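J.: The structure follows.
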Amino acid sequence: MDPELRREIIVDHYQNPINKGLIIDDTYLKANTNNESCIDNITVMAKIEDGRFMDIRFDGEACAISTSATSIMIHLCLNKTVEEVEELMAEYEKMLNEEEYQQEKLNELIVYEDIYKQPNRKKCAFLPFDSLKKIIKQYKERGQ
Amino acid sequence: MNREDFPILKNDFIYFDNGATTLKPKCVVDALDDYYLTYTANAHRGDYDNSQKVDMMYEEVRKKVTQLIHNQDPREIVFTYGTTDSLNMITFGFMEPHLKKGDEVLLTKAEHASNVLPWLELVKKIGIVVRYIPLTSDNQVTIENIEKVITQNTKVISIAHVTNVIGDIRPVKEIGALCKKNNIYFVVDGAQSVPHLPVNVDESNIDFLAFSAHKMLGPTGVGVLYGKLDLLEKMKPTRFGGGMNSDFEADGIVEYKSVPTCFEAGTPPIAGVIGLGKAIDYLLKIGMDNIHKYELELKEYLLLRLKEIPNVIVYNPKSTGGIVAFNLDKVFSQDTAVFLNQFSICVRAGNHCAKILKDELKIKNTCRISFYLYNTKEEIDRLIDVLKKSDQIFKIIL
Ligand SMILES: Cc1ncc(COP(=O)(O)O)c(C=O)c1O
């Protein structure tokens with residue numbers, strides 16, 4: 001990917017993230033993940049109805065990578081089904097782990113294709129998905 | 001100063017993370033090598049020459065520590081695995097048996113996790129009460145503020161001499177006197193003070209002091225617990241095993257060795273202790289006063305030069321230790337650290353294990369520059385040159 005374009009996408013999502021700010025609504029599921037470096041702190045909340053992500057919001061203080069990845073995640077997962085999101089996540093994880101992956105499935109997330117070169121930032125790039133995983137787990141445990 | 005003594009400095013990098021751990025001079029590493037390559041033996045165990053030499057070297061370091069912290073009696077020096085270990089021994093070995101439900105321990109919100117979490121355990125275990133000394137608007141501890149929170153139930157004050165986030169130096173001498181007057185145990189976390197300035201446990205009436213060798217040019221895995229002799233004699237060992245007992249029977253009757261050996265169960269970090277001794281020799285030769293003065297000079301120079309960069313926010317301009325906590329406006333601290341790393345400048349980003357300080361500072365994460373004797377003004381100049389490019393930060397880190 002062209003570095004200039006990549007930078008532009010990341011900075012844009014970092015500085016103008018989608019759906020930043022939490023709301024009070026207990027029909028949402030919520031999860032917080034602290035990066036193991038104990039710096040990034042992002043809370044994600046999502047409303048899943050009939051197996052579909054109707055709304056996803058976040059808040060927190062985090063680095064450019066984590067914040068932009070959260071924003072991109074929200075952008076890509078809104079209105080998707082849980083299965084579709086799980087598929088996206090699996091593909092994304094493959095990319096971060098330098099395994100074979102289907103680039104066309106990842107959309108804007110390919111901006112992090114080189115992040116494996118900085119192992120300490122890989123965690124940042126996956127951070128929002130850790131929260132989303134927890135939310136999906138909660139959703140399934142509720143048996144809805 | 002003394003850069004030629006640190007082989008690692010031949011590499012082209014700038015190390016500003018001395019609060020986390022320090023670089024090592026060759027003489028310290030040589031002392032470890034010497035033990036491992038020419039006279040390896042256990043301590044306190046053998047009748048052969050090398051074993052006796054080890055014994056002597058190991059015990060000699062206790063005396064060196066007394067010189068460093070100005071107490072008189074080497075029996076008051078216990079070797080541990082670090083500050084965290086020492087603080088745990090104080091909390092669970094001494095305080096747990098001596099405190100009771102409702103007794104109050106005063107901490108501050110700027111303390112390192114190692115000086116908070118053991119106490120919070122005692123809250124759960126025996127029902128002590130932890131209270132926080134209010135900090136002034138520039139995050140200092142003052143006698144007036146301590147007096148405001150002391151009650152009849154206050155039994156312990158446990159604070160860092162110098163904090164690791166903002167580097168303010170607490171008035172330990174006055175606090176020590178206050179503790180004496182009010183019959184309060186005075187526990188001092190010396191992790192960031194013993195390496196950087198003169199510490200005098202007698203003059204400051206310090207009951208217990210904890211510090212780590214690795215933050216003062218020494219090896220990792222070794223620390224010191226200083227305790228007043230009469231208190232150590234009342235402290236319970238928290239680790240049991242070889243080396244600390246003088247006799248035991250199958251029926252459970254055990255006799256422990258005397259202070260300080262009863263607290264050093266198992267084979268101690270022998271090489272580490274010997275390395276610590278070398279580090280102390282090295283520091284005392286330069287003089288703790290000189291080290292402190294030099295770091296302050298660096299700090300003042302950095303503050304002066306940071307004024308050239310409009311988007312820098314400094315959180316602790318008034319503190320008098322060699323630490324500067326800052327952020328670039330609208331940039332997350334970790335991004336700043338990653339940016340500086342691109343220019344081989346090592347700084348620490350985060351909350352520095354002082355997670356509750358955010359209540360006071362109103363900011364969770366900072367970049368921290370912490371100096372030591374081998375840092376220079378030229379390094380600061382290089383940092384400033386790099387920070388001047390910080391408008392390009394995303395170009396560089398993304
Ligand atoms: C003030 C303070 N206390 C305690 C510690 C813990 O020291 P150690 O990790 O060596 O046990 C540190 C080190 O980070 C510190 O800065």
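Only the coordinates and a few stated rules stand behind these numbers; no lab work does. In this text the structure is predicted, and so the values were computed from the model without any measurement. Ideal geometry is used to build each Cβ from the backbone, glycine not excepted, and the neighbour counts take in all protein chains shown.
J.: Share of antiparallel DSSP beta bridges in the protein assembly as shown, in percent to the nearest 5?
T.: Rounded to the nearest five, the antiparallel share is 65 percent.
J.: Also: When the helices in chain B are scored as -39500 (n - 2.57) per DSSP H run of 4 or longer and the sum is shared across all residues, what 222 nm value do you end up with, to the nearest 500 deg cm²/dmol?
T.: -10500 deg cm²/dmol
J.: Going down the list A:K20/B:K307; B:K173/B:K215; A:K123/B:K330; B:K109/B:K257, which pairs span over 27 Å between their C-alpha atoms?
T.: A:K20/B:K307; B:K109/B:K257
J.: Moving on to the next point. Which of A:R7, B:R170, B:R131 has the fewest other C-beta atoms within 10 Å, and how do the rest follow up to the most?
T.: Placing the least packed residue first, the sequence is B:R131, A:R7, B:R170.
J.: In peptide A:53-63, how many Cβ atoms from other protein chains are near each Cβ within 10 Å, on average?
T.: 2
J.: Just to be sure I understand: of the beta bridges DSSP finds with both ends in chain A, what percent are antiparallel, rounded to 5?
T.: About 95 percent, rounded to the nearest 5.
J.: Check cross-link reach from B:K53 to the aspartates and glutamates: straight Cα distance under 17 Å, and skip same-chain residues fewer than eight apart.
T.: Once the sequence-local aspartates and glutamates are set aside, what remains near B:K53 is B:D30, B:D33, B:D34.
J.: Further question on the same structure: As an exercise, use a Förster radius of 35 Å and the Cβ-Cβ distance of A:E99 and B:K389 to find the FRET efficiency, rounded to the nearest 0.05.
T.: 0.45
J.: Could you calculate the contour length gain from B:E203 to B:V29, that is, 0.36 nm times the residue separation minus the distance between their Cα atoms, to one decimal place in nm?
T.: Separation in residues times 0.36 nm, less the Cα-Cα distance, equals 59.3 nm.
J.: If you fit an axis through the alpha-carbon atoms of helix A:119-141 and take the longest principal axis of the Cα set of chain A, what angle between them do you get, 0 to 90°, nearest 10?
T.: For A:119-141 against chain A, the angle is about 20 degrees.
J.: Another one. Helix B:172-182 versus the longest principal axis of chain B: what angle, 0 to 90°, nearest 10, using Cα atoms?
T.: 50 degrees
J.: Please compare each pair in B:K364/B:K388; A:K137/B:K358; B:K26/B:K234; B:K64/B:K155 to a cut-off of 28 Å on the Cα-Cα distance and tell me which ones are over it.
T.: From the list (B:K364/B:K388; A:K137/B:K358; B:K26/B:K234; B:K64/B:K155), the Cα-Cα distance tops 28 Å for A:K137/B:K358; B:K26/B:K234; B:K64/B:K155.
J.: Can you give the FRET efficiency for A:K137 and A:L78, using 1/(1 + (r/R0)^6), R0 = 22 Å, r = Cβ-Cβ distance, to the nearest 0.05?
T.: So, using R0 = 22 Å, E works out to roughly 0.65.
J.: So if we plug the beta-carbon distance of B:Q67 and A:E61 into 1/(1 + (r/R0)^6) with R0 = 41 Å, what FRET efficiency do we get, rounded to 0.05?
T.: The calculated FRET efficiency here is 0.35.
J.: Report, to the nearest 10°, how far helix B:26-38 tilts away from the longest principal axis of the Cα atoms in chain B, using its own Cα long axis and a range of 0 to 90°.
T.: Computed tilt is about 40 degrees.
J.: Another question about this same structure. Tally the DSSP beta bridges in chain B and give the antiparallel ones as a percent, rounded to 5.
T.: Expressed as a percentage, antiparallel bridges in chain B total about 55.
J.: Starting from the Cα of A:K122, draw a straight line to each of the lysines and keep only those under 16 Å, dropping any in the same chain fewer than 8 residues away.
T.: Straight-distance partners of A:K122: A:K94.
J.: List the aspartates and glutamates whose alpha-carbon lies under 15 Å from that of A:K105, not counting same-chain residues fewer than 8 positions away?
T.: A:E83, A:E84, A:E86, A:E87, A:E91, A:E93, A:E113
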